[in-house]
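Q: Please find one structure pasted underneath; my questions will follow.
The values are calculated or read from the model by the stated rules, or taken from the named source; none is laboratory data. From a predicted model like this one, the values you see are computed outputs, not experimental measurements. Neighbour counts are summed over all protein chains in view; Cβ atoms, including those assigned to glycine, are modelled from backbone coordinates with ideal geometry. These area figures cover heavy atoms from the full protein model, side chains too; ligands, DNA and RNA do not enter into them. Shrake-Rupley method; radii C 1.70, N 1.55, O 1.52, S 1.80 Å.
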Amino acid sequence: MDEQSCPRCKTTKYRNPSLKFMVNVCGHTLCENCVELVFIRGSAACFQCNVPLRRNDFRTQQFEDAVVEKEVDIRKKILKDFNKKEDDFVSLREYNDYLEDVETIIYNLTNNIDVDSTKRKIEQYKKANNDLIKKNRSKLSRDEEFIEYCIEQEQHDTELRKKQVLQEERTEKKKKQEKKEALIDDLMFSDLPAECILASHRELVKQMEPTVVPRMAPTQFSTGIKMGHQNLFVPIPRVEGVIYQHTDIVMETLGPQAPSQPDILEKGYLQNIRPASDQDRGGGYEAHLGCQRALADALYGLFFACEVGPSPVPSTSSSDISEMDVS
């Protein structure tokens, strides 16, 4: 994407890194300085589409692409009125059709496609669903208040933890400074040897090691659910039934029984088998597994006997019989 610039003063982020762009309701941008200069008298026209604008129609741009910024703003406004939930519909198909209509309205307004007919459609929807819109808005406002309360509570707990950590660091730093000053004073004014003074201070430091103060643990998750309150969840219903019990599969091998794992390990079967490497063991492979598999493949089917029936009598033709008579 090319360097974004103000369409009026042509200033770019490269020339002024602290430049702030503002976007209006029609999706076009101006830098903050131009907005303050052009709209100092209250209203003016957009420099790109000549739509009449006011100062309060501008807001700080969040995305680099102005089209994305316009779509986000339109989506927020549309979803305030088109706030139906899945419970408001009889079937899932109707709900999906409703969502598709909402996306079509947002796309048309973002790309200036059938703007007049789309606005009329929005007004008709508002009139037909006025009571339901107000009802869903009240539900949404309560949910938003609860989320804001949870966020504020989490921020408050985070600030308390930060203050506690800072207080502990300051106290520890002050104690170290006091110990350092006391050691210097003893070395300067005491008659004892320096080795004795250092040894006594080391012993004193060991005795006065700070005890670890347990920090305040969070009492709830970021979603607002308090820790330890499992009664907020619906218990999983217990299903009565027969408990599964594993039974080994019995296979007809038609041959001698392959040696078991203890026999393979004790009777020297692994002498001619490549030992398992560290990579093999990491994957769950051991040498006795390959040996046991090879022995089983060799022994399976040794007792198999094919049922032999009477051999078929060859048929003789009349020509063969005449040849035999001539001979």
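Q: For GLU32, work out the one condition from (1) surrounded by 15 or more Cβ atoms within 10 Å (Cβ to Cβ); (2) among the acidic types (Asp, Glu); (3) under 23 Å from ARG137 (Cβ atoms) it doesn't fulfil.
A: (3)
Q: While we're here: Suppose the filter is of a type in the set (D, E, K, R) and surrounded by fewer than 17 Cβ atoms within 10 Å (Cβ to Cβ); does GLU103 pass it? First the steps, then the outcome.
A: Values: of a type in the set (D, E, K, R): yes; surrounded by fewer than 17 Cβ atoms within 10 Å (Cβ to Cβ): yes.
The answer is yes for GLU103.
Q: Check ASN231 against each of (1) in a helix (DSSP H, G or I); (2) modelled with pLDDT of 80 or more and name the one condition it does not meet.
A: Among (1) in a helix (DSSP H, G or I); (2) modelled with pLDDT of 80 or more, ASN231 violates only (2).
Q: Now, a different point. How about region 69-96: which of its residues are open to solvent by less than 90 Å² (accessible area, probe 1.4 Å), closer than 30 Å to GLN4 by Cα and without any contact (Cβ under 8 Å) to a residue 40 or more places away in the chain? Show your work before the answer.
A: Let us first name the residues in region 69-96 that are open to solvent by less than 90 Å² (accessible area, probe 1.4 Å), namely 69-75, 78-79, 81-84, 88-89, 91, 94-96.
Now drop any that are not closer than 30 Å to GLN4 by Cα, which leaves 69-75, 78-79.
Of everything in region 69-96, those that are open to solvent by less than 90 Å² (accessible area, probe 1.4 Å), closer than 30 Å to GLN4 by Cα and without any contact (Cβ under 8 Å) to a residue 40 or more places away in the chain turn out to be GLU71, VAL72, ILE74, ARG75, LEU79.
Q: Then there's this: Within region 173-188, can one find any residue that is open to solvent by less than 90 Å² (accessible area, probe 1.4 Å) and among the polar types (S, T, N, Q)? First the steps, then the outcome.
A: Going through region 173-188, the residues open to solvent by less than 90 Å² (accessible area, probe 1.4 Å) turn out to be 179, 182-187.
Then drop every residue that is not among the polar types (S, T, N, Q), which leaves none.
So far as region 173-188 goes, no, none of its residues is open to solvent by less than 90 Å² (accessible area, probe 1.4 Å) and among the polar types (S, T, N, Q).
Q: Considering CYS196, CYS150, which residue is open to solvent by less than 100 Å² (accessible area, probe 1.4 Å), part of a helix (DSSP H, G or I) and under 25 Å from LYS85 (Cβ atoms)?
A: Numbers: CYS196 fails: under 25 Å from LYS85 (Cβ atoms).
After applying the criteria, what remains is CYS150.
Q: Looking only at region 104-143, count how many residues are of a type in the set (Phe, Trp, Tyr) and over 36 Å from the mean Cα position of the chain (by Cα).
A: Of all residues in region 104-143, those of a type in the set (Phe, Trp, Tyr) come to 107, 125.
Then keep just the ones that are over 36 Å from the mean Cα position of the chain (by Cα); that gives 125.
Total meeting the criteria: 1.
Q: Starting from region 45-68, keep only residues that are crowded, with 16+ Cβ neighbours inside 10 Å, then list their pairs with residues that are aliphatic (A, V, I, L, M) and part of a loop (DSSP other than H, G, I, E, B) whose Cβ atoms are within a distance under 6 Å, requiring at least 6 positions of separation or different chains.
A: That search, which allows pairs on different chains as well, returns ASP57/VAL25.
Q: Kindly indicate which of LYS13, LYS20 is touching a residue at least 40 places away in the same chain (Cβ under 8 Å), closer than 21 Å to VAL72 by Cβ, charged (D, E, K, R) and open to solvent by 30 Å² or more (accessible area, probe 1.4 Å).
A: On the way: LYS13 fails: touching a residue at least 40 places away in the same chain (Cβ under 8 Å).
Exactly one of LYS13, LYS20 is touching a residue at least 40 places away in the same chain (Cβ under 8 Å), closer than 21 Å to VAL72 by Cβ, charged (D, E, K, R) and open to solvent by 30 Å² or more (accessible area, probe 1.4 Å), namely LYS20.
Q: Just to verify a result, which residue in region 276-327, among those that are open to solvent by 90 Å² or more (accessible area, probe 1.4 Å), over 23 Å from LEU254 (Cβ atoms) and assigned to a loop (DSSP other than H, G, I, E, B), is modelled with the lowest pLDDT?
A: The qualifying residue modelled with the lowest pLDDT is SER327.
Q: Just to be sure I understand, how many residues within region 147-176 are more than 22 Å from VAL205 (Cβ to Cβ) and hydroxyl-bearing (Ser, Thr, Tyr)? Steps first, answer last, please.
A: At the first step, the residues of region 147-176 found to be more than 22 Å from VAL205 (Cβ to Cβ) are 147-166.
Narrowing the set further to residues that are hydroxyl-bearing (Ser, Thr, Tyr) leaves 149, 158.
Qualifying residue count for the region: 2.
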